[in-house]
Amino acid sequence: MSAPFDVVEVRPASSVMLLRDTAAGLEVFTLQRVAQMVFAGGMTAFPGGGAEPSDADESVPWTGPPPAWWARAFRVGEEVARAAVVAAARELFEETG
């Protein structure tokens, strides 16, 4: 029996939750996706998107916990962790400026 939908390959991606603690409680930054987008068009989402091959480039400037720390936290290899963190920062900048 065939599936009623197209099979889509899973690809590495990152999402970012920006939280702000205010007197009224926590606030979360979200975006409204463009309705014409293939994936989740029109939905409310956190900033983020797919990892690009260049996100794993070791020459990308780095600040914060090292990739080994993120690798342990994510339970993945350092290259995957580096790409996830760089993708998160890149996508956040692209989507919010």
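Bear in mind these aren't lab numbers, they're just calculated from the coordinates by the rules spelled out. Computed from a predicted model, the values in this text were never measured in an experiment. With ideal geometry, Cβ positions are generated from the backbone for all residues, glycine too; neighbour counts draw on all protein chains shown.
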Take the residues in the range 38-86 that are among the aliphatic types (A, V, I, L, M) and assigned to a loop (DSSP other than H, G, I, E, B), then tell me which one is nearest to residue 14 (Cα to Cα).
51
Within the range 1-56, restricting attention to residues that are touching a residue at least 12 places away in the same chain (Cβ under 8 Å) and of a type in the set (Asp, Glu), which residue is surrounded by the most Cβ atoms within 10 Å (Cβ to Cβ)?
55
Does any residue of the range 87-96 turn out to be free of Cβ contacts under 8 Å to residues at least 60 places away in the same chain and exposed (fewer than 10 other Cβ atoms within 10 Å of the Cβ)?
no
Can you pull out the residues in the range 9-38 that are more than 15 Å from residue 96 (Cβ to Cβ) and among the charged types (D, E, K, R)?
9, 11, 21
